[in-house]
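Asks: This is the structure, below, for whatever I ask next.
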Amino acid sequence: MKRLTRNLKENSIEAFILALETINKLTVTYRLETFCFLFCNAWELLMKAKLLNEGNKIFYRKKWRQPRRSLSLDDCLNRVFTSDNDPTKLNIRKIHEFRNDATHLVIPFIPRDIMGLFQAGVLNYAKALQDWFDVNLSDRIPLGMMVLVYDFDPKQHSLEHAKMTRKLSAETVRWLTEFQEEIREQATSLGEAIQQFYIPIDLKLAIVKKPNKADIVLSSGMGTEEALILEVPKSPDKTHPHCRKDVVELVNQKLGSDQAINSYDIVCIRKIYNLTNKAEFYYKSKFASPQYSDQFVKWIIKQATKNPDFFVSTRRKSSIRDKRKKP
């Protein structure tokens, strides 16, 4: 793969992960607009990487004394998705339209139908990344991050609710209402392909005695469409709550002084057991240090319990690998 193609693909993934991290933080008031910008940027970069990888040009013909310009998002869409009725293309275009038209509005929450549009776009991106470059997005981030966090009371966040009309201007309410109606109408016309354009969201919360019977349910959608089952979204701070120092302390508390470890042991384990590709154990944000899960702590304790030489062996393997890498 050419260097430019590889850089475009990697930058696209970085932009998309940042979009997911932003929209899944309910404390970020500008998360809707930020997600749209990063989402469109990620798709544009990914499509340019695909075009380049297939031997196509991604630059317009250079004009005299003018800077070189690469293809716009719309031009990339037309070259990659040749059918105007492709639901993935329609999804990207609708979010691009939202990005362009809503930037001057202040929207402190995400309406349900727009969230359904976003959720379909996230799944489409993950599929395209896999199909075009054989890269699994779930290897880079916890799977739960691909299920977008939504406020748990859709009625309270409806545009018809008095609380929302006090927060938004009449112009914003009118524009959002019309935009959501367009989404529903376009989704209805797609028939079986609806889930590539829009995933209707109907959240239901119940307090039950048996936790395994509680869930978040996505509606069956328009007409008789079957529901798309997704897992409950979780914050990485909850799924991977430990830093390296925490892991060391927890392991030492359990194993005692006879098998005491330090931070270097975690580095060796991460290297030898390829933790960066094990989302259930390891999470690394672009802007923070690595985080580890409870499952990872339990796994270490289990390995050390079965094999008292686990840490010594792992250190030795790491040392051998480092020596082989030296020139």
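The values are calculated or read from the model by the stated rules, or taken from the named source; none is laboratory data. The model shown is predicted, which means the values in this text are computed figures rather than measured ones. Each accessible area value is taken on the protein alone, full model and side chains, heavy atoms only, with ligands, DNA and RNA left out. Shrake-Rupley method; radii C 1.70, N 1.55, O 1.52, S 1.80 Å.
Asks: For the range 1-67, give the percent of accessible area contributed by carbon and sulfur heavy atoms, probe 1.4 Å, rounded to a whole number.
Replies: Here carbon and sulfur together make up 53 percent of the probe-accessible area.
Asks: Oh, and also: Starting at the first residue of the range 177-192, write each ³J(HN,Hα) from the Karplus equation 6.51 cos²θ - 1.76 cosθ + 1.60 with θ = phi - 60°, in whole Hz, x for Gly and Pro.
Replies: For the range 177-192, the Karplus-derived couplings read 4, 5, 5, 5, 5, 4, 4, 5, 5, 5, 5, 4, 6, 8, x, 5 Hz, x marking Gly and Pro.
Asks: While we're on this one: Which links in 238/298; 25/94; 48/89; 238/271; 284/317 stretch past 19 Å when you go from one Cα to the other?
Replies: With Cα atoms farther than 19 Å apart: 25/94; 238/271; 284/317.
Asks: Could you give the length gained by full extension between residue 30 and residue 322, i.e. 0.36 nm per residue of separation minus their alpha carbon distance, to one decimal place?
Replies: 100.7 nm
Asks: Would you list 113, 74, 134 from the most to the least accessible area, probe 1.4 Å?
Replies: 134, 74, 113
Asks: Still on this structure: Solvent-accessible area of residue 125, probe 1.4 Å, all protein chains present, reported in Å² to the nearest ten, please.
Replies: Estimated to the nearest 10 Å², residue 125 gives 0 Å².
Asks: Starting from the Cα-Cα distance between residue 184 and residue 306, subtract it from 0.36 nm times their residue separation and give me the gain in nm to one decimal.
Replies: In short, 38.3 nm is gained.
Asks: Could you give each residue of the range 43-59 its phi-based ³J(HN,Hα) in whole Hz, using Karplus coefficients 6.51, -1.76, 1.60 with θ = phi - 60°, and x for Gly or Pro?
Replies: For the range 43-59, the Karplus-derived couplings read 5, 4, 5, 5, 5, 5, 5, 5, 4, 4, 5, 9, x, 9, 8, 10, 10 Hz, x marking Gly and Pro.
Asks: Contour minus end-to-end for residue 294 and residue 57, with contour as 0.36 nm per residue of separation and end-to-end as the Cα-Cα distance?
Replies: Length gained between residue 294 and residue 57: 80.6 nm.
Asks: Shifting gears a bit: Rolling a 1.4 angstrom probe over the protein heavy atoms, how many square angstrom per residue are accessible across the range 30-77?
Replies: Per residue, the range 30-77 has an accessible area of 57 Å².
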